[in-house]
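The values are calculated or read from the model by the stated rules, or taken from the named source; none is laboratory data. It should be emphasised that the depicted structure is a prediction, and the values quoted were computed from it without experimental measurement. Backbone-built Cβ (ideal geometry, glycine too); neighbour counts: all protein chains shown. Ligands, DNA and RNA are excluded from the accessible area calculation, which covers all protein heavy atoms including side chains. Shrake-Rupley method; radii C 1.70, N 1.55, O 1.52, S 1.80 Å.
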Amino acid sequence: MKEPRVTSLWTYANPKKFIETTDKLLPWVAMLALICLVTGLIWGFFFTPDDYRQGATVKIIYIHVPSALMAINAWLMMLVASLVWIVRRHHVSALAARAAAPVGLVMTLIALATGAIWGQPMWGTWWAWDPRLTSFLVLTLFYFGYIALWAAIENDDTAADLTSILCLVGSVFAVLSRYAVNFWNQGLHQGASLSLDEKENVADVFYHPLLVSIAGFVLLFIALVLLRTRTEIRARRTRALLARERMN
Amino acid sequence: MPDLGKYADTVLAAYAVSLVLILGLVLISVIRSTRVKKQLEAVDKKVKSDG
């Protein structure tokens with residue numbers, strides 16, 4: 001009797017297989033991302049009421065919360081990919097981590113910018129050295145450092161090794177950014193907007209479009225990382241072919 | 001357009017900054033992807049023709 005063929009996850013660590021698979025996957029993910037983003041943002045912007053305390057500024061939540069969520073989770077995805085590189089030496093995982101960094105950085109910048117814009121009328125200041133804001137700023141600096149380190153080292157494997165270590169260290173700040181409000185019960189930033197505790201969670205009227213918007217940001221992140229990983233794989237292959245040409 | 005009252009500038013600025021950053025990132029990613037793909041095809045062709 002023929003045994004059923006089980007495809008290992010590691011099959012996708014093969015660059016050729018990764019590109020073949022994402023050829024089919026990428027248009028669907030990109031389309032879904034666009035649908036969710038447009039729906040979530042239009043729903044939130046046009047069809048939700050003002051908050052009784054924050055007025056119309058509550059509409060910023062549909063960008064601020066998803067981008068902050070992705071800023072932290074992008075780094076955690078980079079951490080997993082870096083660990084896979086350190087343990088199993090799969091090039092695609094190192095390149096996926098490299099591909100995710102600029103996306104994570106842009107999410108962090110959006111979260112910081114919208115937070116400052118929102119904070120000005122609500123807190124009376126653009127910036128405060130609050131635990132969450134400060135750990136987020138440090139995370140931003142880690143993103144810049146990570147991207148700069150990849151760019152500074154010519155040998156891809158050495159760059160992957162060193163950036164993986166940097167990613168491990170930076171993960172402390174990614175976790176701090178998420179839980180800073182809980183660790184230090186001080187500062188201006190409020191607790192989590194999404195919570196299992198009904199009293200803490202935002203009202204349903206804001207919650208549902210927020211969920212759609214978060215789905216849009218998650219899918220946008222996946223689509224961009226897939227696209228950029230394909231680019232990194234091709235760029236690496238180009239460098240390898242050129243190096244081989246020079247040696248002949 | 002909803003009535004954003006005295007916070008119109010705040011809300012619109014937040015959306016504008018975010019959309020510019022997202023669209024910029026998407027645009028840069030797509031342009032680089034196309035450029036690198038073409039580069040690889042050209043190098044591949046050259047390597048094959050050189051034997």
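Could we say that B:D50 is closer than 21 Å to A:R246 by Cβ and either surrounded by fewer than 14 Cβ atoms within 10 Å (Cβ to Cβ) or more than 7 Å from chain A (Cβ to nearest Cβ) (or both) here? Before you say what the answer is, go through the steps one by one.
On the way: closer than 21 Å to A:R246 by Cβ: yes; either surrounded by fewer than 14 Cβ atoms within 10 Å (Cβ to Cβ) or more than 7 Å from chain A (Cβ to nearest Cβ) (or both): yes.
Yes.
Can you find, within segment A:44-73, the residue that is surrounded by the fewest Cβ atoms within 10 Å (Cβ to Cβ) among those that are among the hydroxyl-bearing types (S, T, Y), touching a helix residue (DSSP H, G or I) at 6+ places or on another chain (Cβ under 8 Å) and at pLDDT below 95?
Within segment A:44-73, the first condition is being among the hydroxyl-bearing types (S, T, Y), and the residues that meet it are A:48, A:52, A:57, A:62, A:67.
From the residues that got through so far, the ones that are touching a helix residue (DSSP H, G or I) at 6+ places or on another chain (Cβ under 8 Å) too are A:48, A:57, A:62, A:67.
In the following step, the residues that additionally are at pLDDT below 95 were identified as A:48, A:57.
Working: A:T48: 20, A:T57: 23.
This residue is A:T48.
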Inset, instruction - State the number of residues belonging to segment A:114-172 that are within 30 Å of B:V11 (Cα to Cα), small (G, A, S) and not in a loop (DSSP other than H, G, I, E, B). - result: 4
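For segment B:1-36, how many residues meet the condition of being open to solvent by less than 90 Å² (accessible area, probe 1.4 Å) and either at pLDDT 95 or above or closer than 26 Å to A:V106 by Cα (or both)?
Step one: of segment B:1-36, the residues open to solvent by less than 90 Å² (accessible area, probe 1.4 Å) are B:2, B:4-5, B:7-8, B:10-19, B:21-22, B:24-26, B:29-30, B:32-34, B:36.
Add one more test, that the residue is either at pLDDT 95 or above or closer than 26 Å to A:V106 by Cα (or both), and what stays is B:7-8, B:10-19, B:21-22, B:24-26, B:29-30, B:32-34, B:36.
Going through segment B:1-36 one residue at a time, the tally reaches 23.
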Legend entry - segment A:9-37, residues that are among the hydrophobic types (A, V, I, L, M, F, W, C) and either under 16 Å from A:A96 (Cα atoms) or open to solvent by 70 Å² or more (accessible area, probe 1.4 Å) (or both): A:L9, A:W10, A:A13, A:F18, A:I19, A:L25, A:L26, A:W28, A:M31, A:L32, A:L34, A:I35
Inset, instruction - Inspect segment A:21-40 for any residue being closer than 20 Å to A:I117 by Cα and touching a Ser or Thr at 6+ places or on another chain (Cβ under 7 Å) and give the result as yes or no. - result: no
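Which residue, of A:A97, A:A111, is within 13 Å of chain B (Cβ to nearest Cβ) and not polar (S, T, N, Q)?
Matching residue, one of A:A97, A:A111: A:A111.
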Legend entry - Total residues in segment A:116-158, condition within 11 Å of chain B (Cβ to nearest Cβ) and either in contact (Cβ under 8 Å) with a residue 60 or more places away in the chain or in contact with a Pro (Cβ under 6 Å, 6 or more places away or on another chain) (or both): 4
Inset, instruction - Just one of (1) within 14 Å of chain B (Cβ to nearest Cβ); (2) touching a residue at least 40 places away in the same chain (Cβ under 8 Å); (3) not aliphatic (A, V, I, L, M) trips up A:K59, so point out which. - result: (2)
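Residues are listed down the side, and each one gets a yes or a no for (1) closer than 21 Å to B:I22 by Cβ; (2) over 16 Å from the mean Cα position of the chain (by Cα):
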| site | (1), (2) |
| --- | --- |
| A:K24 | no, yes |
| A:L34 | yes, yes |
| A:L76 | yes, no |
| A:S82 | no, no |
| A:V103 | yes, no |
